[in-house]
Amino acid sequence: MSTATIIAPTFGTDLTSAEQTNVRTALAFLRLRCRGWGPLSKVLKFKDTTLSAIHCGDKAVSPTLAFRIARLAKVGVDDVLTGKFPSPGTCPQCGHCNNESETTERSSEKVVARG
């Protein structure tokens, strides 16, 4: 008799666990930018308690939430699902964006200007 591996569904969502993690990261970033669950919930048209539960992992991330986050951030939904939004290097605690390409460009401009 063969044994089968059973993979438990992730709260019955259409998104992979990696995609859900990326959406939760974007949700946390937007919460900081909007200064709390209240203002963010109004824009996304979700209850603040629902957003908090999704953020904590108590509820699944829905494709609808991913689309609304992308629309609010003015990025493609693929950027939210793949983790390109918020930009890699963004602090998960304060939301500060550390854009290395800008720093590198500015440094090279200074070198050229001095040279």
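Where a number appears in this text, it was derived from the coordinates with a stated rule and is not lab data. Just so it is clear, the structure is predicted and the values come from calculations on it, not from any experiment. Virtual Cβ from ideal backbone geometry, glycine too; neighbours counted across all protein chains shown.
Give the residues of segment 53-72 that are surrounded by 17 or more Cβ atoms within 10 Å (Cβ to Cβ) and assigned to a helix (DSSP H, G or I), sorted by residue number.
Correct list: I54, H55, L65, A66, R68, I69, A70.
Are there any pairs with C-beta distances below 7 angstrom linking a residue in segment 20-43 that is within 22 Å of D78 (Cβ to Cβ) to a residue that is among the hydroxyl-bearing types (S, T, Y), with the two at least 6 apart or on different chains, and if so which?
Q20/T10; Q20/T13; N22/T82; F29/T90
Return the total of residues in segment 36-52 being closer than 20 Å to S87 by Cβ and part of a loop (DSSP other than H, G, I, E, B). Walk me through it before giving the result.
Quick first cut of segment 36-52, residues closer than 20 Å to S87 by Cβ only: 40.
If we keep only those that are part of a loop (DSSP other than H, G, I, E, B) too, we end up with none.
Within segment 36-52, residues that are closer than 20 Å to S87 by Cβ and part of a loop (DSSP other than H, G, I, E, B) number 0.
Checking A28 against (1) outside any helix (DSSP H, G or I); (2) farther than 17 Å from D14 by Cβ, only one condition comes out false. Which one?
So the condition that A28 fails would be (1).
Quick check on my filter: what residues within segment 29-47 are surrounded by 14 or more Cβ atoms within 10 Å (Cβ to Cβ) and of a type in the set (G, A, S)?
S41
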